[in-house]
Amino acid sequence: MDSDAQLWSWSKDYSFPSDMNIAHNLIEEIIEQIESSGWSNKEKFAVNMALEEALINAIQHGNCSDPSKQVHFSCRLNGQRIYVRVEDEGSGFDPNAIPDPTDPQHIMVASGRGVLLIKSFVSRVQWNENGNVLEFEKERSS
């Protein structure tokens, strides 16, 4: 998904222990970069939600909140697009096997909403075959 030909104005590659406080600081840093690139409040909200859900899933579900396990994070940004890659050290999952949380049969099930939110807030999303690496892109609106 990340193209070497793409010109990025800002990038970050970072590995950190499974800690949501560190993740929130990382999200704040990225949102500041998006603001400085002139993205709208709606687009900032969408990126913030996708980042939050991706990092929660990696830390809590992938790494089981184990601080000895790392989250590996990459982000590329320019004025028109953001690319994010999140990898956890867990065994992975099948994103296609998650029941639709909007289905009345699953409306009271607590899990699965994060994947739905990520898909609804970004332009492109994909997981690797093991399900422990998430990549997404969000393009700015015209």
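All of the numbers you see were taken from the coordinates with simple rules; none came from a lab. Nothing here was measured: the structure is a model prediction, and the numbers come from that model. Note that each Cβ is placed from the backbone with ideal geometry, even for glycine, and that neighbours are counted across all protein chains shown.
Observations
- Any chance Ile27 is on the phi < 0 side of the Ramachandran plot, touching a residue at least 12 places away in the same chain (Cβ under 8 Å) and out of contact with any strand residue (DSSP E or B) (no Cβ under 8 Å at 6 or more places or on another chain): yes
- Looking at Glu87, Glu129, just one residue is touching a strand residue (DSSP E or B) at 6+ places or on another chain (Cβ under 6 Å) and more than 21 Å from Glu43 (Cβ to Cβ), and that residue is Glu87.
- Verdict on Arg76 being surrounded by 20 or more Cβ atoms within 10 Å (Cβ to Cβ) and of a type outside the set (A, V, I, L, M, F, W, C): yes
- Residues that are in contact (Cβ under 8 Å) with a residue 60 or more places away in the chain and of a type in the set (Gly, Ala, Ser) were ranked within the stretch 109-142; the one that is farthest from Tyr83 (Cα to Cα) is Gly114.
- Residues that are within 17 Å of Ser111 (Cα to Cα) and of a type in the set (Asp, Glu), drawn from the stretch 27-69: Glu52, Glu53
- Top-ranked residue in the stretch 71-120 [being among the hydroxyl-bearing types (Ser, Thr, Tyr) and outside any helix (DSSP H, G or I); ranked as farthest from Leu26 (Cα to Cα)]: Thr102
- Where Trp39 falls short, out of the listed (1) in a loop (DSSP other than H, G, I, E, B); (2) free of Cβ contacts under 8 Å to residues at least 40 places away in the same chain; (3) farther than 23 Å from Met20 by Cβ: (2)
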